[in-house]
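Down below is the structure, laid out as structure tokens.
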Amino acid sequence: MKLNPLSLASLILLLVSPSIECVGSTSTPTPLPWPEQFHALLYMNLSSSRLQMSDLWYDWPRGRNVNIFQKQLGELLYDIEWNNGTSFYYTLGAQGTCKVTEFEVGIPRPDFLDDANYLGTTVTDGFYCNVWEKVDFIWYYEDVQTRRPVRWDFYDGISTHVITFEVGAVLQDSLSQAPAYCFSQEREKL
């Protein structure tokens, strides 16, 4: 078998530079871990056919996840989740309400998608995305080019679409403190 000079040069280049990925490589992509701190504006289509916006502040170093939900034609709901499993759901004002819930787990780790099952690629919300599924709980869509999250869907039918994503943004500590009336009631354990 006789190789032409161009084929021989290509073969030598591939042998000498193993870091070059061949076109058509079959390596399975892995999702990028979440940044330790970010702010995202999310548009959510709830399984109940209603809509809401979520102002999400993820802060792994401080052990908190803050969601400020604006339900369609509803009042503003604050959801402060802590790494110890405690979550405060409250509204503000003269008629402010609060529900305190204890979950078995805290906020998601930045690498919560480790060991997710890769499903392939698809176009969603106008972005070409890699898609993963984790334990029949979440389907996660990440832009192939920027590696930013584009969308995630939950097992219960809630579909979350990422409108903005600011890496490193941090919510002021004073804005993540539940009101005093949250601390004078029973806690619900889930």
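For the pair Thr91 and Arg50, label points projected 7 Å from Cα toward Cβ lie 1.0 nm apart. All other residues whose Cβ lies under 11 angstrom from that of Asn67 are scored, Lys and Arg at +1 and Asp and Glu at -1, for a net of -2.
Compute the signed sum of charges (Lys and Arg +1, Asp and Glu -1) over the other residues within less than 13 Å, Cβ to Cβ, of Val131. Taking every Cβ under 13 Å from that of Val131, the sum is -3. Per-residue packing, averaged as other Cβ atoms within 10 Å, sorts the ranges 172-184, 100-112 into the order 100-112, 172-184, beginning with the highest.
Which parts of the stretch 155-171 would a label at Gln70 reach, counting a residue when its backbone N lies under 20 Å from a point 7 Å out along Cα-to-Cβ? Taking a point 7 Å out along Cα→Cβ of Gln70, the residues of the stretch 155-171 whose backbone N falls under 20 Å are 159-166, 170-171.
Placing pseudo-labels 7 Å out from each Cα toward the beta carbon at Asp115 and Phe183 gives an inter-label distance of 3.8 nm.
Every read-out reported here was derived from the displayed coordinates using simple, explicitly stated rules and does not represent laboratory data. None of these values were measured; they are calculated from a predicted model. So basically every Cβ, Gly included, is an ideal-geometry build from the backbone, and we count neighbours across all protein chains shown.
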